[in-house]
Amino acid sequence: MSIISRKVLNAIEPQYVLEGAGVRLRRGFPTEALDYLDPFLLFDDFSSNNPADYMKGFPMHPHRGIETVTYILAGEVNHRDSIGNAGKIGAGDVQWMTSGRGIMHEEMPSSRSGKLIGFQLWVNLPAQRKMNEPRYQGILSADIPEVELNDGVKVRVIAGRVGQVEGPVTGIVAEPTYLNVFIPSYSSFTHEIDEDRTAFAYVFEGEGMFEVTEGMARQFIQHRKLVVLGAGHSLVVKSKGQSIRFLLVLGKPIREPIARYGPFVMNTREEIEQALRDLRNGTFIDPQPNSDSNSWYGSPAKEK
Ligand code: FE2
């Protein structure tokens, strides 16, 4: 069997959108160019040097049927949720939140220097797991291993594995790989990928060469681009005079119909209507001990 490396199918320019209470962010998908990358439903880059872009934040809102993954590289995000988690997501930290049948949460970015670098990924859940109990994995930067490869290439392993090093996020249905890759100038990075995995890279700093055809043809991809990768067994990225930083995200497709409405992603329209009814009736989340559960229903569901 010959080894086929994954080629660039599409290099998408993220689109500016307003989200949450008025956060100006770059959306990789869903956009007109790309609706869905099974099992991934959304990729947002809310990085900015201007606090006006992000300070309004993402006040209390619901989720059902998905996982939301927040990764912060500079600045911080204050968060709290209806299953009792609260605190700060600091630089290098990851929050992997599995909404299951219902969670309400709030994420408010801030930064002392003004500089925020952060990303959010949505991962779908299969029908049989959409109504499970919500689950929260808060992972600190110090618990995310960094692997040094050839030529000064460094990879932070959030989920999945690089060589013998495994990331701390576990027990996720889509069996994701989530890597933060740094390639210094004139170096290369190769990563083996199972053939059945959906794969994309998000280039957020510098530039590098990704393969576009079998053989020698490569394309320079400059930040910021979301690179959808085709079928194959590995990814090869090379740098020239500039370094490159990108996220590499892989996951196992779920292959089920999806019905979306804002922060809910279910299989059918009827299930979406049920989520909206549960929200109206105050039965969306479990009653909270020692608190007025109505206080969690502060914001209506919004189309996202
Ligand atoms: Fe959210």
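The values are calculated or read from the model by the stated rules, or taken from the named source; none is laboratory data. As the structure is a prediction and not an experimental result, all values here were calculated from the model. We place every Cβ from the backbone using ideal geometry, glycine too, and count neighbours over all the protein chains shown.
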Inset, instruction - Mind checking which strands (runs of 3 or more DSSP E) fall wholly inside segment 1-85 and carry at least 1 residues that are within 16 Å of the ligand (Cβ to nearest atom) and touching a Phe, Trp or Tyr at 6+ places or on another chain (Cβ under 9 Å)? - result: 15-19, 23-29, 40-45, 58-63, 66-74, 76-81
Inset, instruction - Filter segment 86-108 down to residues that are touching a strand residue (DSSP E or B) at 6+ places or on another chain (Cβ under 6 Å) and of a type in the set (G, A, S) and give me whichever is nearest to the ligand (Cβ to nearest atom). - result: S99
Legend entry - segment 135-181, residues that are in contact with a Gly (Cβ under 8 Å, 6 or more places away or on another chain), among the hydroxyl-bearing types (S, T, Y) and either surrounded by fewer than 16 Cβ atoms within 10 Å (Cβ to Cβ) or not in a strand (DSSP E or B) (or both): S141
Inset, instruction - Determine if segment 66-89 includes at least one residue that is surrounded by fewer than 17 Cβ atoms within 10 Å (Cβ to Cβ), at pLDDT 95 or above, within 25 Å of V165 (Cα to Cα) and in contact with a helix residue (DSSP H, G or I) (Cβ under 7 Å, 6 or more places away or on another chain). - result: no
Inset, instruction - Would you mind stating whether A52 is touching a strand residue (DSSP E or B) at 6+ places or on another chain (Cβ under 7 Å) and either among the hydrophobic types (A, V, I, L, M, F, W, C) or within 18 Å of L247 (Cβ to Cβ) (or both)? - result: no
Inset, instruction - Give the residues of segment 191-223 that are in a loop (DSSP other than H, G, I, E, B) and either of a type in the set (F, W, Y) or free of Cβ contacts under 8 Å to residues at least 60 places away in the same chain (or both), sorted by residue number. - result: D194, E195, D196, R197, G215, M216, A217, H223
Inset, instruction - Collect the residues in segment 109-125 that are more than 17 Å from the chain's Cα centre (by Cα) and either in a loop (DSSP other than H, G, I, E, B) or within 13 Å of the ligand (Cβ to nearest atom) (or both), keeping them in residue-number order. - result: S111, R112, S113, G114, K115
